[in-house]
Amino acid sequence: MFLADVSDAVQTQAYLEYAVQNWGKIDVIFSHAGIAGVIKPVTEYPEEVFDAVMAINVRGSFLACKYGLPRMNDGGSIIITSSIMGTRADPGVCAYATSKHALIGLARVVAKEAAPRNIRVNVLAPGPIENEFQEEIEAELTQIVGQDGTEFLNRIIPLGRHGRAEEVARMVLFLASDASSFSTGSVFMADGGMNI
C-alpha cells in the first residue's frame with residue numbers, strides 16, 4: 001500500500017513510480033479519490049472548502065493523467081470517477097458539482113490526447129451508493145430536507161434503491177478491460193436511472 005495526497009504533484013509521482021517499480025508499466029489508472037465538501041448556498045459556501053474539493057477531485061485526476069500517461073503501456077485505460085452530479089446539479093453542492101462536471105471535460109481532453117497510443121479515457125458516474133461516504137452526505141441532507149435523506153433519494157432513483165459497491169466495481173472492470181476497447185471520452189452512468 002502507498003498513501004499519498006493526490007493533490008500533490010510530488011506525492012502523485014511517488015505513488016505512480018512505486019506502482020511501476022513493483023509491477024512494471026501501468027495498464028490501468030483508476031482515479032477515484034474524492035471529497036464531498038458541504039451543502040450550503042453559493043453565497044455562504046466556504047472558500048477553503050471549495051478549494052479543497054477542487055484540489056482533491058479535479059487536481060488529483062489531472063495529476064494522475066499528467067504523470068501517469070508517460071508511465072503507461074499503449075492500449076491502456078484511464079478511468080476517472082465523476083458522479084451523477086457531473087451530469088446534473090442541485091442546490092447547495094456548488095463545489096462538488098463543479099468538480100464533477102470538470103472531470104468530464106478533463107477526461108474528454110485526455111481521451112483525444114491519448115488516442116494515438118490507443119489509451120482509452122472514460123468517466124464513471126455513480127449515483128448514490130451504499131457506503132460511508134454517502135451516509136455522511138445523507139445525514140446532512142436529512143437536516144436540510146426535513147426527512148430521511150436516504151428515503152428521499154430512493155424515491156427519485158427510478159430503480160428505487162442505492163447502488164452497491166460490487167455493481168460499481170463491475171463497471172470499473174468493464175472499463176479497465178478490453179470489453180470496452182472501442183469506448184473513449186464517454187460517461188458511463190451507474191446511477192439506477194437517476195440521470196434520466
Seminar exercise, completed: Extension length gain for Glu135 and Asp178 (0.36 nm per residue less Cα distance), in nm, is 12.1 nm
For this session: Please list the non-local residues whose amide H lies under 5 Å from the amide H of Ile129, H modeled 1.01 Å from N, same-chain partners needing a gap of 5 or more.
Result: Gly163
For this session: Calculate the spin-label point distance for Phe152 paired with Glu47, positioning each point 7 Å from the Cα along the beta-carbon direction, and give it in nanometres.
Result: 2.9
For this session: Please give the length that would be gained between Ala33 and Asn73 if that part of the chain were fully extended, namely 0.36 nm times their separation in residues minus their C-alpha to C-alpha distance (nm, one decimal).
Result: 12.2 nm
Exercise. Would you list His162, His32 from fewest to most Cβ contacts within 10 Å?
Worked result: His32, His162
For this session: Work through the residues other than Asn154 whose Cβ is under 13 Å from its Cβ and net out their charges, Lys, Arg +1 and Asp, Glu -1.
Result: -3
Exercise. Can you list the lysines whose alpha carbon sits under 18 Å from that of Lys112, skipping same-chain ones fewer than 8 residues off?
Worked result: Lys66
Exercise. Roughly what would the spin-label model give for Ala4 and Gln21, points 7 Å off Cα along C-beta, in nm?
Worked result: 1.2
Exercise. Which residue, Asp74, Asp51, Asp90, has the most motion in a Gaussian network model of the chain that connects Cα atoms within less than 10 Å?
Worked result: Asp90
For this session: Per residue, how big is the convex hull around the C-alpha atoms of segment 89-196? Give it to me in cubic angstrom, could you?
Result: 106
Seminar exercise, completed: Using the Cα gyration tensor of segment 9-190, the equivalent ellipsoid's semi-axes, largest first and to the nearest Å, work out to 30, 19, 14
Exercise. Which of Lys100, Lys40, Lys66 comes first, and how do the rest follow, when ranked by fewest Cβ neighbours within 10 Å?
Worked result: Lys66, Lys40, Lys100
Exercise. Want the number for Ser186 to Thr142: 0.36 nm per residue separation, take away the alpha-carbon distance, what's left?
Worked result: 12.6 nm
Exercise. Of Ile156, Ile80, Ile104, which has the largest mean-square fluctuation in a 10 Å C-alpha GNM of the chain?
Worked result: Ile156
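Only the coordinates and a few stated rules stand behind these numbers; no lab work does. No experiment lies behind these values; they were computed from the predicted model shown. All Cβ positions, even for glycine, are placed from backbone atoms using ideal geometry, and neighbour counts span all protein chains on display.
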